[in-house]
Amino acid sequence: QVQLVESGGGLVQPGGSLRLSCAASGRIFNIYGMGWYRQAPGKQRELVATITSGGSTNYADSVRGRFTISRDNAKNTVYLQMNILKPEDTAVYYCNADRAVTSTGVYRGVWGQGTLVTVSS
């Protein structure tokens, strides 16, 4: 079994920065793609950024140049550094692992519980 636990959300002023973390727990051998998604009130969940196990990244146009995704494979952790935050970045941010190989099997589409980011003055 795999669990993803996000941390680092909170209230920040426009122009500020936050760093989100997502740690995967379990007897994990490997996690392939990991990513961050977000869901604002009244909107659908959308992709923010993804990163492969080899470090290749992909970003939504709305965050490219402001957000940076990274991961530490040894710690099974993915990060999202968010700079120059805007009010429209306000959302619940979710961590995702697209495929996790563990001692108990392969788990696909694993989601964390989400962490709230509020950008407001």
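The values are calculated or read from the model by the stated rules, or taken from the named source; none is laboratory data. All figures in this text were calculated on a predicted structure; none of them were measured in a lab. As a convention, Cβ positions derive from the backbone with ideal geometry for all residues, glycine included, and neighbour counts pool all protein chains shown. Accessible surface areas use protein heavy atoms only, side chains included; no ligands, DNA or RNA. Shrake-Rupley method; radii C 1.70, N 1.55, O 1.52, S 1.80 Å.
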Notebook entry, point to check: Between Gly109, Gly54, Gly42, which gets the highest mean-square fluctuation from a Gaussian network model of the chain, Cα cutoff 10 Å?
Noted result: Gly42
Margin query: So, taking all protein chains as they sit and a 1.4 Å probe, how much accessible area belongs to Lys86, in Å² rounded to tens?
Written below: 80 Å²
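When Lys and Arg each count +1 and Asp and Glu each count -1, what net charge do the other residues less than 11 Å away from Thr57, Cβ to Cβ, add up to? Mind showing how you got there, number by number?
On the way: positive: Arg64, Arg71; negative: none.
Local charge sum for Thr57: +2.
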Checklist line | Fully extended contour minus Cα-Cα distance, from Glu88 to Ser7, at 0.36 nm per residue | finding: 27.2 nm
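Per the Cauchy relation, a quarter of the hull surface: what is the mean projected area of the convex hull of the alpha carbons in the chain, in nm²?
Details: hull surface 27.1 nm².
The directionally averaged projection comes out at 6.8 nm².
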Notebook entry, point to check: To the nearest 20 debye, what charge dipole does the chain have about its Cα centre, counting +1 at the Cβ of each Lys and Arg and -1 at the Cβ of each Asp and Glu?
Noted result: 140 debye
Checklist line | Heavy-atom surface of the range 1-70, accessible at 1.4 Å and reported per residue (Å²) | finding: 55 Å²
Notebook entry, point to check: Which of Thr90, Val63, Ser21 sits closest to the plus end of the dipole of the chain, meaning its Cα is farthest towards the positive end, when Lys and Arg get +1 and Asp and Glu get -1 on the C-beta?
Noted result: Ser21
Check: When all protein chains stay in place, what accessible area (Å², nearest 10, 1.4 Å probe) is found for Tyr32?
Finding: 80 Å²
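Between Val106 and Ser62, what FRET efficiency follows from the Cβ-Cβ distance if R0 is 22 Å, with the result rounded to 0.05?
The calculated FRET efficiency here is 0.10.
When the accessible area of the chain is computed with all protein chains present and a 1.4 Å probe, what percentage of it is carbon and sulfur? It would help to have the intermediate numbers written out before the result.
On the way: 2990 of 6290 Å².
Exposed carbon and sulfur together represent 48 percent of the surface.
Relative contact order of the range 30-121: what whole-number percent is it, with Cα pairs under 8 angstrom and at least 6 residues apart? Walk me through the numbers before you get to the answer.
Numbers: 177 pairs, mean separation 26.9, N = 92.
Answer for the range 30-121 is 29 percent.
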